[in-house]
Amino acid sequence: MHECDKSAKPCRVTATGASYLRGYDGDFRLSDIEEQAFIAARRAPMFDRTLVEGATSADLDPELVKAFIEAVRERDQQGLGRFVREDELLCRAGVTAADGRPTVAGLLALGTHPQQWFPRYAIQISADPLPGDPPGSRARNQAVLTGPIPRMLDAAMEWARRTFDTAIVAGPDGTVRDLPVYPLVAFRELVANALIHRDLDHWSAGMAVEIRLRRDRLVIANPGGLYGITVDRLGKEAVTSARNARLVAICQNVRSPFSGGRVIEALASGIPTVGAALEEACLPPAHYIDAGIRFVAILHRPIVPTAAADPLNATESRVLDALAQGALTVAQLVDMLDLTAPNIRKALRGLREHGYVRQHGGRGKFTYYERV
């Protein structure tokens, strides 16, 4: 059965009128809010241009605004940078209205504390407990990161430096370094994408960007699916498509307070950068899931099987690596690995015998597999 076009979603069961979201572990009925998200996605998003009621120019961060104006005048001298008056430049950039009131995009990118108006436009971040943590521990290094986008991005990078495991890596010259198990450049690109492209409409106002470091994978999720592009085209062609066009345009000239670097490039280079960084670190490719109302990026560690009486063959190794992202069905593995279903089932039988994979379901039931 083919997926229906996004313009027709949410599709409904004729007998009941209910709509469902399909996941690897079943089909789940959409809430009223989630249905509204699909309906809202039928038209071009404009929420980032809305004025923030009660906010004034005093709610903009002077340090960020100064760096923004300097960047605009340096990079766009004959365009936006030619406006001499700073208030006019900010207005024409979409940061503020003519009377100085900030827009949603302006406040999120350059505000002193946007969460005063948007409490959940934040990052919810945590890591799974380690084996040596106290019994009953649910998470470690849990935090809610707030502030404008560049400051949240800096805070997320600092969290990653403190939390990621490190690997000892020897360079060609014999120099030995400690490197994070997940490349920081890939992490930064994915977090920036989640912050810039998250949905800003009313239905998602109670949802935060979520980052969870699992024992075997890193998951970064944001409300709102892809806009104007599909998962299979990510990183494969120079396509730029922005859910929040005004916010993207502003953030091209926003600078990180910590490093001074640009928040984003908006050159469709982010996903290829992630891919190159993962390949250099000898990690599997990122896995992207667009659920229409939620976008998820997953980085996972390579699977290094322990010594076994019978070594894994190439197909078994590929299937085991794919399952590092989470539980999957045979059909999903077929799509991911471009292998036939019989070959995948044979590999799964071998992995189950070796004790690497657990099967859920069975004959006549919904069946999926997960790594042990």
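The values are calculated or read from the model by the stated rules, or taken from the named source; none is laboratory data. Everything numeric in this text was worked out from a predicted model, so none of it was measured. FYI the Cβ positions are ideal-geometry reconstructions off the backbone, even for glycines, and counts take in every protein chain you see. Please note that ligands, DNA and RNA were not included when accessible areas were found on the heavy atoms of the full protein model with its side chains. Shrake-Rupley method; radii C 1.70, N 1.55, O 1.52, S 1.80 Å.
Of note:
- Full extension of the segment from Leu130 to Glu353, taken as 0.36 nm per residue of separation minus the current Cα-Cα distance, would add 77.5 nm.
- Using a probe of 1.4 angstrom and keeping all protein chains present, the accessible surface of region 188-238 works out to 40 square angstrom per residue.
- Charge dipole of region 174-224 (Cα centre as origin; +1 on each Lys and Arg Cβ, -1 on each Asp and Glu Cβ, all else neutral): 240 debye, rounded to the nearest 20.
- Stretching Thr230 away from Met46 to a fully extended chain increases their span by 64.2 nm, per 0.36 nm per residue minus the current alpha-carbon distance.
- Rounded, prolate or oblate (a/c below 1.5 giving rounded, otherwise prolate when a/b exceeds b/c) for region 56-179 by Cα gyration tensor: oblate
- Å² of accessible area per residue within region 314-372, as computed with a 1.4 Å probe and no ligands counted: 55 Å²
- Relative packing of 92-101, 50-59, which averages over residues the other C-beta atoms within 10 Å, highest first: 92-101, 50-59
- Solvent-accessible area, 1.4 Å probe, carbon plus sulfur percent, for region 99-203: 54 percent
- Once the chain from Glu279 to Ala314 is taken as fully extended at 0.36 nm per residue, the excess over their C-alpha distance is 10.7 nm.
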